[in-house]
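Asker: Structure in structure tokens, see below.
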Amino acid sequence: MSYNIVPLNELVNQFSRLPGIGKKTAQRLAFSILEQPSEYAERFSKAIVEAREKIHFCKCCQALTDLEVCQICDNPQRDHSVICVVEDPKDVMAFEKMREFSGVYHVLHGVISPLDGITPDKLKIKELMERLSTGEVKELIMATNPTVEGEATASYISRLCKPMGIKVTRLAYGIPVGGDLQYADEFTLARSLEGRNEI
């Protein structure tokens with residue numbers, strides 16, 4: 001007879017659905033939950049449900065927030081004339097960790113990739129163009145990842161912005177080609193930001 005505990009198997013299955021979590025790690029996490037007091041499990045499950053229910057996209061920059069407008073967009077101390085365009089909400093966190101950038105952000109939620117069926121209309125490009133139409137923005141920093149798709153997306157947005165007279169720059173290549181911003185250290189990101197080039 002096999003040793004089968006249905007609720008434990010379900011917990012392991014749910015953990016293993018997370019990116020980067022294999023079966024063994026999922027088992028360790030599941031057993032770790034079971035070893036905690038029941039109050040911990042309740043807080044843990046409540047945190048997951050609340051995060052899923054309360055976190056949404058900022059109506060301005062499309063980053064994650066639990067408010068209507070995120071704290072960065074709502075901060076009058078930030079330079080709203082400079083927008084750093086990133087692929088993913090995690091990239092905003094990477095830039096904020098280095099504490100060097102004083103502008104604001106715009107999250108595209110992906111990059112143009114026709115082979116994967118991701119066309120410009122599936123990204124938050126329309127929302128970006130609406131922000132640029134106010135005339136307040138002077139520079140757009142394209143901080144998409146240095147991949148073929150990231151470069152194509154940066155070029156596409158640059159072409160849209162040229163008639164508007166907005167300076168469009170690209171991060172310098174302190175970041176390795178094919179790399180992800182979220183894995184770059186603060187020093188590399190800072191050097192990339194300083195050495196950005198106009199495109």
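The numbers here are math on the coordinates, done by the rules we state, and not lab data. Just so you know, these numbers come straight off a predicted model, no measurement behind them. We place every Cβ from the backbone using ideal geometry, glycine too, and count neighbours over all the protein chains shown.
Asker: What is the spin-label model distance, in nm, from residue 34 to residue 134 if the labels are put 7 Å beyond Cα along the C-beta direction?
Answerer: 5.3 nm
Asker: Quick one: which of 41-54, 117-130, 87-100 comes out on top by average Cβ neighbours within 10 Å, and what's the full order, highest first? If you can, show how the numbers build up before the last one.
Answerer: Working: 41-54: 10.4, 117-130: 14.4, 87-100: 17.7.
Taking the mean over residues of other Cβ atoms within 10 Å, the ranking is 87-100, 117-130, 41-54.
Asker: Okay, moving on. Looking at the stretch 23-129, send over the antiparallel percent of its DSSP beta bridges, to the nearest 5.
Answerer: Details: 3 of 8 bridges.
In the stretch 23-129, approximately 40 percent of DSSP beta bridges are antiparallel ones.
Asker: For the peptides 102-111, 22-31, what is the packing order when you average, over each peptide's residues, the other Cβ atoms within 10 Å and list the highest mean first?
Answerer: 102-111, 22-31
Asker: Moving to a separate point now. Collect residues whose amide H, placed 1.01 Å from N in the peptide plane, falls under 5 Å from the amide H of residue 169; neighbours closer than 5 in sequence don't count.
Answerer: Hits under the 5 Å cutoff: 140, 141, 142, 199.
Asker: State the answer as a single residue: which of 11, 160, 83 lies farthest towards the positive end of the charge dipole of the chain, with beta carbon charges of +1 for Lys and Arg and -1 for Asp and Glu, about the Cα centre.
Answerer: The residue sitting most towards the positive pole is 160.
Asker: For the chain, what is the calculated [θ] at 222 nm in deg cm²/dmol (nearest 500), taking -39500 (n - 2.57) for each run of four or more DSSP H residues and dividing by its residue count?
Answerer: Here the helix-only value at 222 nm equals -12500 deg cm²/dmol.
Asker: May I pose another question? Please report the antiparallel percentage of the DSSP beta bridges confined to the chain, to the nearest 5. Numbers along the way, then the final one.
Answerer: Values: 5 of 18 bridges.
If I count the DSSP bridges inside the chain, around 30 percent turn out antiparallel.
Asker: What is the distance, in nm, between label points placed 7 Å from the Cα along the Cα-to-Cβ direction at residue 25 and at residue 159?
Answerer: About 3.9 nm, to one decimal.
Asker: Something else: Taking springs between alpha-carbon atoms closer than 10 angstrom, which of 156, 40, 183 fluctuates most in the Gaussian network model of the chain?
Answerer: 40
Asker: Something else now. Over the Cα atoms of the chain, what radius of gyration and what Dmax do you get, in Å?
Answerer: Spelled out, the Cα radius of gyration and Dmax of the chain are 20.4, 73 Å.
Asker: On to the next question. Based on the mean of other beta carbon atoms within 10 Å per residue, what is the order of 69-80, 139-150, most packed first?
Answerer: 139-150, 69-80
Asker: Provide the gained length on full extension for the span residue 43 to residue 59, in nm with one decimal, where the gain is 0.36 nm per separating residue minus the Cα-Cα distance. Working shown, then result.
Answerer: Numbers: separation 16, 0.36 × 16 = 5.76 nm, distance 2.90 nm.
Computed gain between residue 43 and residue 59 is 2.9 nm.
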